[in-house]
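Single-structure report; data block below.
The values are calculated or read from the model by the stated rules, or taken from the named source; none is laboratory data. Predicted, not measured: the structure shown is a model, and the values here were computed from it. Positions of Cβ are generated from backbone atoms using ideal geometry, with glycine treated the same way; all protein chains shown enter the neighbour counts.
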Amino acid sequence: MTLTHADVQANGITAHTVSVGEGPLVLFCHGFPESWYSWRHQLDAVANAGFRAVAMDMRGYGGTTAPEQIGAYSMSHLVGDTVGVVAALGAEQAVIVGHDWGAPVAWYSALMRPDVFRAVAALSVPYTPPIGGLPPGFSMNALMQSAAGDREYYRLYFQEPGRAEAEIEADMERFVRGFLYGVSGDIVEDGVHEQGWAGYFPKGERLVDQLVVPETLPNWITEDDVAFYVGELSRTGIRGGLNWYRNLDALPTVLAPFVGAVIEQPSLYLAGEYDLVAGNTEEALAGMRATLPNLHALQVFSGAGHWLQQERPTEVNEALLDFLATL
């Protein structure tokens, strides 16, 4: 099927969208450091099932506006973007699907705007409900620093404006190749890491130097795929994507009005066995069963890593289509 590229005006920005098919809208949201392209294996499958499948470049990426200001990447802005894109596409409602950073955007879009998002599916990042009663001055960054101790942690490494940009953009191809391989299931299956990379590395060192660049790409990613990601990130720079991380401390304030609210819509969660980046612990998975009353399924794919919809496209498509068929 032919993909249609279009720019739409939404929430004060220009959002680049890629669509195929006709029918009820399914909106796909990618994560770091990707683009609409990370959903390339899902678009036709969902369209062929009778839906209008639309993947967007998220704020800061690809063909979508990339504001310089850190504060322009709060969860309020990101949810506003998804709501605005649905409206700009001429739809009243959508099913929202997110991976990596796109997952919390999908979760909180469903929480904040149940009138717009009639169902939600997320990959790799479990749902965390808004937490009330936090002490004054609570800082997620401080909490992560305490856990990291004398180590560097990638989310903290991303906090200092300019540092990560300079080091990553100096060798974007190494970063893309190493990051794609580094949190995939292949790095475990190949015996490079025992359980997967959890994001920690020695203090003061560069992230790009920690990444293992494979001699041969895993079979789920091609040289053309790498070239696409490198080209997009080299053209736009990586600051926009990093600014998402720089809003972590603002998240509890954004979510405060929704403490106690429940995602009542049908939901789906998919994760890879070796995905350690996003905290897929037994506790987190059990928590979702308790906090999502209409959880259709919670599936962990054996041997898979963080890039789930690319590593296991057939299985992910089957799970998504099974979920969509129930709506």
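Some notes on this structure:
- Taking the conditions (1) touching a residue at least 24 places away in the same chain (Cβ under 8 Å); (2) over 28 Å from Phe175 (Cα atoms); (3) among the hydroxyl-bearing types (Ser, Thr, Tyr) in turn, Thr4 satisfies each one other than (1).
- Enumeration of residues in the stretch 231-250 that are among the polar types (S, T, N, Q), surrounded by fewer than 21 Cβ atoms within 10 Å (Cβ to Cβ) and within 17 Å of Tyr153 (Cα to Cα): Asn247
- Matching residues in the stretch 268-313 - criterion: being farther than 19 Å from Val188 by Cβ, free of Cβ contacts under 8 Å to residues at least 60 places away in the same chain and not in a loop (DSSP other than H, G, I, E, B): Glu283, Ala286, Arg289, Ala290, Leu295, His296, Ala297, Leu298
- Just so you know, in the stretch 20-43 the residues that are touching a residue at least 60 places away in the same chain (Cβ under 8 Å) and part of a strand (DSSP E or B) include one that is surrounded by the fewest Cβ atoms within 10 Å (Cβ to Cβ), and it is Leu25.
- Close pairs (6 angstrom Cβ cut-off, 6 or more residues apart or separate chains): buried (at least 24 other Cβ atoms within 10 Å of the Cβ) in the stretch 44-61, assigned to a loop (DSSP other than H, G, I, E, B) and aliphatic (A, V, I, L, M) anywhere: Gly60/Ala66
- From Pro313, Pro266, residue being surrounded by fewer than 23 Cβ atoms within 10 Å (Cβ to Cβ), over 19 Å from the mean Cα position of the chain (by Cα), modelled with pLDDT of 95 or more and in the same structural domain as Phe51 (by the TED database): Pro266
- A single entry from Asn243, Asn317 fulfils the requirement of being in a helix (DSSP H, G or I), under 25 Å from Glu165 (Cβ atoms) and either touching a strand residue (DSSP E or B) at 6+ places or on another chain (Cβ under 8 Å) or in contact (Cβ under 8 Å) with a residue 24 or more places away in the chain (or both): Asn243.
- Counting only strands (runs of 3 or more DSSP E) that sit wholly inside the stretch 68-180, those with at least 2 residues that are of a type in the set (A, V, I, L, M, F, W, C) and either in contact (Cβ under 8 Å) with a residue 12 or more places away in the chain or within 28 Å of Val54 (Cα to Cα) (or both) are 94-99, 117-123.
- Restricting attention to the stretch 269-314, the residues that are of a type in the set (Ser, Thr, Tyr) and in contact with a strand residue (DSSP E or B) (Cβ under 9 Å, 6 or more places away or on another chain) total 2.
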